[in-house]
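Asks: First the structure, which I've put down as structure tokens, then a few questions once you've had a look.
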Amino acid sequence: MKQTSIFLTGATGAVGAQLVQQLTSLNIGFKALVRTPAQAEQLNDLPNVEAIVGDLADPTTFENALHGVERAFLLTNSSEQAESLQIGFAEAAHRAGVGHIVKLSQFAADESSPVRFLRYHARVENRIKELGLPYTFLRPNLYMQGLLAFKEHIKHHGQFFAAIGNARVSLVDVRDIAAIAAAALTGPGHENRTYDITGPEALSHYQLAETLSHVLAKPVNFIDVPPGQMEKALGAAGFPEWQIGGLIEDYAHYTREEASVVSDAVARVTRKSPIGFEQFVKDHRFLLG
Ligand SMILES: NC(=O)c1ccc[n+]([C@@H]2O[C@H](COP(=O)([O-])OP(=O)(O)OC[C@H]3O[C@@H](n4cnc5c(N)ncnc54)[C@H](OP(=O)(O)O)[C@@H]3O)[C@@H](O)[C@H]2O)c1
């Protein structure tokens, strides 16, 4: 095994699960903070993995495990607590002498953005810089995997919806985000870099529907809805109010075509072509078809 000292947060989430898989397939060991003994048991079954049961809300549960760590991966979901959880982790990492933080941020993070997610990500980034911790900020665009939230609708009703109009977004596959994270956690040359991470092209949701129809060989329609309707649907699905507000702001930002730039980060960092939307649909055909 290659000797590195890596610490992961968010290892059970969408990007984190892919990162775990990629590090494991490279035979690289790591520690991972998880919240339940059942999650720890699953990770401890992997070679050279040490799971720590704790919570980002309580640094005493993970601070000792940070001693001797060279690089840490920081990710949480976007919640009202995300900013303080992430800053708390960065401060604990700083106290423990962690050498480098790889933080999962978001495309267009900016303290003065009208999008709350982009503001909190920028505040966490700026706190990490202020602490003087070497960093790599990963700023991915909309996840292709987000579409899987509609898998039952696509499968049974041939439709999905959002408040985005005809705007194009350079959406990205989380496997490519994880590949960049793995590179930043294990290789040289990523210190104090910010990577905008996108897929290979900017596509409208109508174009996504065309590709879905073509690959799944059945009609799939995109339905543009007003933000109020999307808000109601998110409420009915049980999302917390703060997060609903953030998603509505996010989609307004996409609608303004502020997330249509295509970056070459995936190819530059991983030396592989980014996964296109057609490939994503083929790989998830069993869920969507
Ligand atoms: N979705 C998009 O299109 C998109 C686009 C760009 C950027 N992003 C950013 O991506 C991030 C979310 O990534 P993701 O989808 O991979 O996340 P995710 O699937 O929602 O997973 C969140 C992870 O954070 C862990 N976590 C949350 N609170 C915790 C706590 N208090 N202590 C310890 N662990 C905690 C969760 O653990 P449990 O398993 O215990 O819950 C889980 O492993 C957000 O910051 C978002 O802004 C998302």
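The values are calculated or read from the model by the stated rules, or taken from the named source; none is laboratory data. In this text the structure is predicted, and so the values were computed from the model without any measurement. Methodologically, a virtual Cβ is constructed for each residue, glycine included, from the backbone with ideal geometry; neighbour enumeration extends over all protein chains shown. Keep in mind that these areas ignore ligands, DNA and RNA; they rest on the heavy atoms of the full protein, side chains included. Shrake-Rupley method; radii C 1.70, N 1.55, O 1.52, S 1.80 Å.
Asks: What figure in square angstrom, to the nearest 10, would you give for the accessible area of residue 204 with a 1.4 Å probe?
Replies: Counting only protein heavy atoms, the figure is 10 Å².
Asks: Quick check: the distance between the Cα centres of region 149-200 and region 18-58, to the nearest angstrom?
Replies: If we compute the Cα centre of each part, the gap is 23 Å.
Asks: Right, next: Measure off 7 Å from each Cα along the Cα-to-Cβ vector at residue 229 and residue 206, then give the distance between these two points in nanometres to one decimal.
Replies: 1.6 nm
Asks: If you add up the charges near residue 44, with Lys and Arg at +1 and Asp and Glu at -1, over every other residue whose beta carbon is less than 14 angstrom from its beta carbon, what do you get?
Replies: Net local charge, residue 44 excluded: -2.
Asks: Pairs of alpha-carbon atoms within less than 8 angstrom and 6+ residues apart define the contacts here; what relative contact order does the chain have, in percent?
Replies: Computed value for the chain: 18 percent relative contact order.
Asks: Quick one: of 31/129; 151/232; 31/155; 155/232; 31/272, which pairs are farther than 29 Å apart, Cα to Cα?
Replies: Where the Cα-Cα span goes over 29 Å, the pairs concerned are 31/155.
Asks: Classify region 115-195 as rounded, prolate or oblate, taking a ≥ b ≥ c as the square roots of the eigenvalues of its Cα gyration tensor: rounded when a/c is under 1.5, otherwise prolate if a/b is larger than b/c and oblate if not.
Replies: prolate
Asks: Follow-up question, since we're still on this one. For region 114-265, what's the relative contact order in percent, using C-alpha pairs closer than 8 Å and at least 6 residues apart?
Replies: Worked out over region 114-265, it gives 35 percent.
Asks: What net charge is computed for the residues neighbouring residue 102, neighbours being all others with C-beta under 13 Å from the C-beta of residue 102, Lys and Arg scored +1, Asp and Glu -1?
Replies: Neighbour charge sum, excluding residue 102 itself: +1.
Asks: Quick check: at a probe of 1.4 Å, how many percent of the accessible area of the chain sits on carbon and sulfur atoms?
Replies: That share works out to 49 percent.
Asks: Does region 168-289 come out rounded, prolate or oblate, given a ≥ b ≥ c as the square roots of the eigenvalues of its C-alpha gyration tensor, rounded meaning a/c under 1.5 and, failing that, prolate meaning a/b above b/c?
Replies: Cα axes put region 168-289 in the oblate bin.
Asks: Figure the gain on full extension for residue 256 and residue 161 (residue separation times 0.36 nm, minus the Cα-Cα span) and round it to one decimal in nm.
Replies: Stretched out fully, the residue 256 to residue 161 stretch lengthens by 32.5 nm.
Asks: Please work out the average accessible area per residue across region 189-276, using the 1.4 Å probe convention, and give it in Å².
Replies: 53 Å²
Asks: Continuing with the same structure: Give the range of the longest stretch in the chain that excludes all GluC sites (Glu not before Pro) found in loop regions by DSSP and having at most 12 other beta-carbon atoms within 10 Å.
Replies: Within the chain, the longest run free of exposed GluC sites (Glu not before Pro) spans 1-110.
Asks: Once a ≥ b ≥ c are taken as the square roots of the eigenvalues of the Cα gyration tensor of region 18-96, is the result rounded (a/c under 1.5), prolate (a/b larger than b/c) or oblate (a/b not larger than b/c)?
Replies: prolate
Asks: Let me ask something else. Please give the calculated 222 nm ellipticity per residue for the chain, where each DSSP H segment of at least 4 residues contributes -39500 (n - 2.57) and the sum is spread over every residue; nearest 500 deg cm²/dmol?
Replies: Rounded to the nearest 500, the figure is -13000 deg cm²/dmol.
Asks: Nearest-5 percent of antiparallel DSSP beta bridges in the chain?
Replies: Of all bridge pairs located within the chain, approximately 10 percent are antiparallel.
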